[in-house]
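What follows is one structure encoded as structure tokens, with my remarks underneath.
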Amino acid sequence: MAGDQDRDRRDDERTSRGDVRDTYDRIATHFASTREYAWPEVEAFVERHATDCDTAGVGLDLGCGNCRHAELLAADLESVVGLDVSRGLLETGRERALEHDFDVALIQGDVASLPLGDDTVDLAVYVATLHHLPTQRARRASLDELARVLASDGRALVSAWSTAHDRFDETDGFDTMVEWTLPGGETVDRFYHIYAPDEFETELAESDLSVLESEVSSGNCYATVAGTESTL
């Protein structure tokens, strides 16, 4: 009986994550057109840590979307991988790479089960994606996977939307749907888990990652992290 319940739960999770994929495939082109510029927090992270990487290092953009942040990594690292669950968003990333003349290897995949080897990534950004995973189990698995692929001296920036944003009145973390409005007025619901800042810090601390520093900026929780085996 317990085995059947576990299988049902895993099936429900796969269905929910498939819904997230389908949502972003549906809005991919319009969504990407509104995401032209890198976030300042990501720019600051890459500028600070890219100089510590071997120029032959590997960069990783999890939930890469249109690759605006993969482009930052590509300026300093020899190879960059961009991973997203949405094939539609990956196509917008491919177009940006061609237009802006940078190299990125694009993979359609699941952030909770990364198709990458252990200790292979030197610098990673995992921003505005964790909060779209529809279960705590999937979110935790994705953090553990990030820890697994980070090199011993690798660093990553993780972010998620938080209750500190001025659009929310809640103080505890919660699940919600946020509408995306397409040209013409059609709305599409997107799943979010909105983190309380202390919940975000606890989830990271209980994962296989080591937290180096954290902050709240522009309504988002941010943390600079390393793999568990890192020399801090």
Counted residues, segment 214-232 - those being free of Cβ contacts under 8 Å to residues at least 40 places away in the same chain and closer than 12 Å to residue 159 by Cα: 2
What number of residues within segment 164-173 are more than 15 Å from residue 130 (Cβ to Cβ) and either of a type in the set (Ser, Thr, Tyr) or surrounded by 14 or more Cβ atoms within 10 Å (Cβ to Cβ) (or both)? 3
Considering each residue of segment 36-48, count those that are out of contact with any Leu (no Cβ under 6 Å at 6 or more places or on another chain) and under 18 Å from residue 158 (Cβ atoms), and give that number. 8
Within segment 193-224, tally of residues that are assigned to a strand (DSSP E or B), hydroxyl-bearing (Ser, Thr, Tyr) and surrounded by fewer than 16 Cβ atoms within 10 Å (Cβ to Cβ): 1
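Yes/no per residue for (1) basic (Lys, Arg); (2) under 15 Å from the mean Cα position of the chain (by Cα); (3) at pLDDT below 95; (4) within 13 Å of residue 200 (Cβ to Cβ):
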| residue | (1), (2), (3), (4) |
| --- | --- |
| 117 | no, no, no, no |
| 128 | no, yes, no, no |
| 131 | no, yes, no, yes |
| 141 | no, yes, no, no |
| 144 | no, yes, no, no |
| 152 | no, no, yes, no |
| 160 | no, yes, no, yes |
| 166 | no, no, yes, no |
Verdict on residue 201 being more than 14 Å from the chain's Cα centre (by Cα) and touching a residue at least 12 places away in the same chain (Cβ under 8 Å): yes
Does residue 164 fit the bill of being closer than 25 Å to residue 69 by Cα, touching a strand residue (DSSP E or B) at 6+ places or on another chain (Cβ under 9 Å) and not in a loop (DSSP other than H, G, I, E, B)? no
For segment 128-148, give me the residue count where each residue is farther than 14 Å from residue 192 by Cβ and touching a strand residue (DSSP E or B) at 6+ places or on another chain (Cβ under 9 Å). 8
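The values are calculated or read from the model by the stated rules, or taken from the named source; none is laboratory data. The structure presented is a predicted model; accordingly, all values stated were derived computationally and were not measured. All Cβ positions, even for glycine, are placed from backbone atoms using ideal geometry, and neighbour counts span all protein chains on display.
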